[in-house]
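Computed from the coordinates by the stated procedures, all read-outs in this text should not be read as laboratory data. Everything numeric here is computed off the predicted structure, so don't read it as measured data. Cβ coordinates were reconstructed from backbone atoms using ideal geometry, including for glycine residues, and neighbour counts include every protein chain displayed.
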Amino acid sequence: MTKKLIVANWKMNGTSEKVENDLNVYGANQITNSPNVVLALPNLYLHHASNLNANFKIASQDVSQFLGYGAYTGEISSRMLLDFKVKYAIIGHSERRQNLDESDILLAKKLENTLNSGIIPIFCIGEEQSVRDSGKYMEFLLAQLGLLTRLNAGIEELIIAYEPVWAVGTGKVPTGEQIAEIVELINSFVQKTLPRAKILVLYGGSVTAKNIAEILQVADIAGVLVGGASLRVDEFTAICAHA
């Protein structure tokens, strides 16, 4: 039986000391030192993880819209991320869409660069509370997914993370039925538009050790994207134990 994918998104948190301590703990624990566990650290700390001889995988929380190398001050390209053994990159997280005004045009370039470099994108979609309340959330999510059909890059492998904005960092979690509805929507979209691609679907938004078992019981859920709970070693280890 394939283990569920557990992705930790540390966001803009951590110190060199905390990263080193936590990684040493995860590397010594059979539960967390596993290929199905992915740690998305701030880019500044990726070298701590890449220098370890560990089984868990590494993700970047973002990737540049610019490919390769060049005069792009402050940017980090997908090719640079490969130097740090990065296997995944989070793209389109609601916090970047909102706080940094990331557009579909920008996200398309990031997706294309990531796919062309061999890094697997974790493409995030999700609706705000107002969209959910309007009843038009399915159309909204389909519009976000539609970006995948406009890329100038072939999609062989991709992860889609459903993260309802109203659940991110709020403590609110959709019911199993609500999550299942969106998973079915995503799978239907993929079957129609990307039939040859290998796609995994994750859920993210206030995932904890208390609700992880229920979330992973949802049909066709391949894993979870964990935010705040991933900063606590005991909590994140407990989440990984359910995979």
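From most to least packed by mean Cβ count within 10 Å, the peptides 140-148, 192-200 give 140-148, 192-200.
Only lysines eight or more places from Lys136 in sequence, or on another chain, were considered; those with a Cα closer than 24 Å are Lys172, Lys192.
Label-to-label distance, Asn187 versus Glu139, with points set 7 angstrom from Cα along the beta-carbon direction: 2.6 nm. Under the criterion of Cα pairs below 8 Å and six or more residues apart, the relative contact order for the stretch 100-204 equals 32 percent. When each of Leu5, Leu52 is scored by the number of other beta-carbon atoms lying within 10 Å, the sequence from fewest to most is Leu52, Leu5. Excluding residues fewer than 8 places away in the same chain, name every one of the lysines whose C-alpha is closer than 25 Å to that of Lys3. List returned: Lys11, Lys57, Lys85, Lys87, Lys198, Lys210. Of the residues Ile105, Ile186, Ile125, the one that moves most in a GNM of the chain with alpha-carbon contacts below 10 Å is Ile105.
Between amide H atoms placed 1.01 Å from N, distances below 5 Å from Asp62 occur with Ile90, all of them 5 or more places distant or on a separate chain. Put a dot 7 Å past the Cα of His47, heading toward its Cβ, do the same for Tyr72, and the two dots end up 2.1 nm apart. Secondary-structure-derived ellipticity at 222 nm for the chain, considering helices only, amounts to -10500 deg cm²/dmol, per-run term -39500 (n - 2.57) for DSSP H runs with n ≥ 4. Amide H contacts for Phe56 (H built 1.01 Å from N in the peptide plane; partners 5 or more residues away or on another chain; cut-off under 5 Å): Ser34. Between Gly154, Gly135, Gly92, the residue with the greatest mean-square fluctuation in the GNM of the chain (Cα pairs under 10 Å linked by springs) is Gly135.
Between the beta carbons of Gln98 and Ala153, assuming R0 = 25 Å, the FRET efficiency works out to 0.50 to the nearest 0.05. Relative contact order for the chain: 20 percent, from Cα pairs under 8 Å spaced at least 6 residues apart, divided by residue count. Once C-alpha pairs closer than 8 Å and six or more residues apart are averaged by separation and normalised to the residue number of the stretch 1-86, the relative contact order reads 27 percent. Length available on full extension from Gln30 to Asp234: 0.36 nm per residue minus the Cα-Cα distance, which gives 72.1 nm.
The alpha carbons of the chain stretch over 46, 46, 34 Å along the principal axes, in descending order.
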